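> One structure coming up, written as structure tokens, with questions to follow.
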Amino acid sequence: MHSGVPCATFKHALSKTNAGGEINCVDQGDFSGGAQLLIDRAITIDCEGVQGRFGYAGTSATAMFVSGATVVLRGLDIDGSGVAAQAVEFNSGGVLHIEKCVFRNFVTAGSGWGIVDDASLSTPSELFVSDTAFENNGTASSGGGILIAPGSANSITRVTLNRVMDAGASTGSRGPRATIKA
């Protein structure tokens, strides 16, 4: 991982990277540090070509929060270890691009989702997911790949899915009051 300064975790790299910057994985590894990650600025995290893992087995429900910015996550393997409830919560508008990622093993509390877009504001949000797999998220009765749950009828969520696979879940992707293009 390289952000101008070698860093062992995404959290540390993010603290050293300006808005609009890019964090690149140059070696394979787990860059979670066992902690949640809050992404609150425009950033690209790119691990394409190396095995960049974000393993999260914390007791808090969510591994990553993306809030109000344009964010690109590329080439990540995000693993909830069968403990965490959701991989990425996208909750305050903005644009999120997920490319060539794997979301797996988010199953806690009877739900478990790879991505949850629950923007509670009237701020529009856009989610683009391509060349990505969701594996073993949720339980036999709930959970799955992507949940789109805007907080009000005034919030607008646009979702574009391209070459997305969901396996081992009761629900693939769903969203009341959302336009999902697949």
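The values are calculated or read from the model by the stated rules, or taken from the named source; none is laboratory data. Keep in mind it's a predicted model, so treat the numbers as computed, not measured. Here the Cβ positions follow ideal geometry from the backbone for every residue, glycine too, while neighbour counts run over all protein chains shown.
> Quick check: anything in the stretch 39-59 of a type in the set (Ser, Thr, Tyr) and on the phi > 0 side of the Ramachandran plot?
Let us first name the residues in the stretch 39-59 that are of a type in the set (Ser, Thr, Tyr), namely 44, 56, 59.
After this cut, where a residue has to be on the phi > 0 side of the Ramachandran plot as well, the list is none.
Looking through the stretch 39-59, none of the residues is of a type in the set (Ser, Thr, Tyr) and on the phi > 0 side of the Ramachandran plot.
> Let me ask something else about it. Quick one: in the stretch 41-61, which of the residues that are assigned to a strand (DSSP E or B) and among the small types (Gly, Ala, Ser) is surrounded by the most Cβ atoms within 10 Å (Cβ to Cβ)?
Result: Gly52.
> Given the structure, is Ala133 more than 11 Å from the chain's Cα centre (by Cα), at pLDDT 80 or above and of a type in the set (A, V, I, L, M, F, W, C)? Talk me through it step by step, then tell me what you get.
Working: more than 11 Å from the chain's Cα centre (by Cα): yes; at pLDDT 80 or above: yes; of a type in the set (A, V, I, L, M, F, W, C): yes.
Yes, satisfied.
> Here's another thing I want to ask about it. What is the residue count in the stretch 22-40 for residues that are surrounded by 15 or more Cβ atoms within 10 Å (Cβ to Cβ), within 15 Å of the chain's Cα centre (by Cα) and closer than 16 Å to Val71 by Cβ?
Qualifying residue count for the region: 5.
> While we're looking at this one, here's another question. Of the residues in the stretch 68-86, how many are assigned to a strand (DSSP E or B) and either of a type in the set (A, V, I, L, M, F, W, C) or out of contact with any strand residue (DSSP E or B) (no Cβ under 8 Å at 6 or more places or on another chain) (or both)?
Qualifying residue count for the region: 6.
> What about Phe103, is it part of a strand (DSSP E or B) and surrounded by 20 or more Cβ atoms within 10 Å (Cβ to Cβ)?
Criteria met by Phe103.
> How about the stretch 64-81: which of its residues are closer than 18 Å to Lys100 by Cα, of a type in the set (Gly, Ala, Ser) and out of contact with any helix residue (DSSP H, G or I) (no Cβ under 8 Å at 6 or more places or on another chain)?
Gly75
> Here is a follow-up. Here are Gly34, Gly75, Gly80: which of them is of a type outside the set (D, E, K, R), touching a Phe, Trp or Tyr at 6+ places or on another chain (Cβ under 8 Å) and at positive phi?
Exactly one residue qualifies, and that residue is Gly34.
> Yes or no: Phe65 among the aromatic types (Phe, Trp, Tyr) and closer than 22 Å to Val164 by Cβ?
Judged against the criteria, Phe65 is a match.
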